[in-house]
1. Mind running the shape call on the range 134-175? Use the C-alpha gyration tensor, a ≥ b ≥ c as the square roots of the eigenvalues: rounded below 1.5 for a/c, prolate if a/b tops b/c, oblate otherwise.
2. Under a point-charge model restricted to the Cβ atoms of Lys and Arg (+1) and Asp and Glu (-1), what is the dipole moment magnitude of the range 15-92 relative to its Cα centre, in debye to the nearest 20?
3. Where Rh is the Kirkwood radius over the Cα pairs of the chain, the temperature 10 °C and the viscosity 1.306 mPa s, what D in µm²/s does Stokes-Einstein return?
4. In percent, what relative contact order does the range 1-131 have, based on Cα pairs under 8 Å that are 6 or more apart in sequence?
5. For VAL12, what is the net charge nearby, where nearby means another residue's Cβ is under 14 Å from its Cβ and Lys, Arg count +1, Asp, Glu -1?
6. When every alpha-carbon pair in the range 1-92 is counted, what percent end up more than 17 Å apart?
7. Return the calculated 222 nm mean residue ellipticity for the chain, to the nearest 500 deg cm²/dmol, obtained by summing -39500 (n - 2.57) across DSSP H runs with n ≥ 4 and dividing by the residue count.
8. Find the relative contact order for the chain and round it to a whole percent, using C-alpha pairs within less than 8 Å whose residues are 6+ positions apart.
Amino acid sequence: MNPNSQKSAIAVEGLDYAFGEGETAKQVLFGIDLELAPGEFAIMTGPSGSGKTTLLSLVGALRRTQGGRLRSIGYDLGRLEGSRLEAYRRNLGFIFQLHNLFPALTAFQSVQMAADLHPEEAGQMDDRIRALLTRLGLGERLDYRPHQLSGGQRQRVAIARALIHRPALVLADEPTAALDGENTQIVLKLLADLAHERGTTVLMVTQDARVFESADRLIHLVDGRLDSDVRTNT
Ligand SMILES: Nc1ncnc2c1ncn2[C@@H]1O[C@H](COP(=O)(O)OP(=O)(O)OP(=O)(O)O)[C@@H](O)[C@H]1O
Ligand SMILES: [Mg+2]
């Protein structure tokens, strides 16, 4: 099944989530309803502690859903186990703020290792890795190891690693936080092109008001509730 053939890429209905159990349980998401179309580029904002990362980790199946329904690129995340869970995760590109690059691997090798996990995408892979890293401004740094790269350069290697297998859905948590204005624009353009030219759905958390205009959707969370959800490019 082509995951992009779904009518909505992500469909969230009445999603609740609490950390802890019993007396010490603390609910952090309350009745979230959200639908994203394939190829939509959505930006999520909200105060610190409002539940953005929690929501992203539920959509990414890094946490198990509790109350409500969550469907994503054709998978029902409420009942995802074993090999289907693995298959789902392989369709995702995760970009998290705390990226861990292996110290011993060069920029090229780091991305290559991610690509090796997807043999179905093997054709012309070395050229693709080079092209993607070059697009991210790292063409001259292919053979550098993490300790020879700046924080922003490492972040861009992590972004390349998350995108090299052409995931159907990209989940990104403040991916541009370590980047200067120019590199922020490069990364946003890359994500917007993936969305608009390849039909990749992108859900990205950011506080960076400079980037809001790139988005098709602006979703705002406050205290675990969807405060507003605005379509920007209609
Ligand atoms: N593992 C955890 N155990 C218990 N509580 C948690 C855990 N992770 C997050 N929380 C709580 O859930 C709430 C939402 O956290 P979350 O990380 O989703 O916020 P956020 O919107 O991503 O914030 P920020 O902008 O600071 O990254 C917070 O009150 C936080 O304390
Ligand atoms: Mg967060």
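1. On the way: a/c = 2.55, a/b = 1.65, b/c = 1.55.
Cα axes put the range 134-175 in the prolate bin.
2. My answer is approximately 220 debye.
3. Here the translational diffusion coefficient equals 87 µm²/s.
4. Relative contact order here is 22 percent.
5. Spelling it out: positives minus negatives among the neighbours equals -1.
6. Working: 2107 of 4186 pairs.
Of all Cα-Cα pairs in the range 1-92, 50 percent lie more than 17 Å apart.
7. Mean residue ellipticity, 222 nm, calculated: -9000 deg cm²/dmol.
8. With pairs under 8 Å counted, the relative contact order is 28 percent.
Every number in this text was worked out from the coordinates using simple rules, so none of it is lab data. Nothing here was measured: the structure is a model prediction, and the numbers come from that model. Using ideal geometry, Cβ is built from the backbone for each residue, glycine included, and neighbour counts are taken over all protein chains shown.
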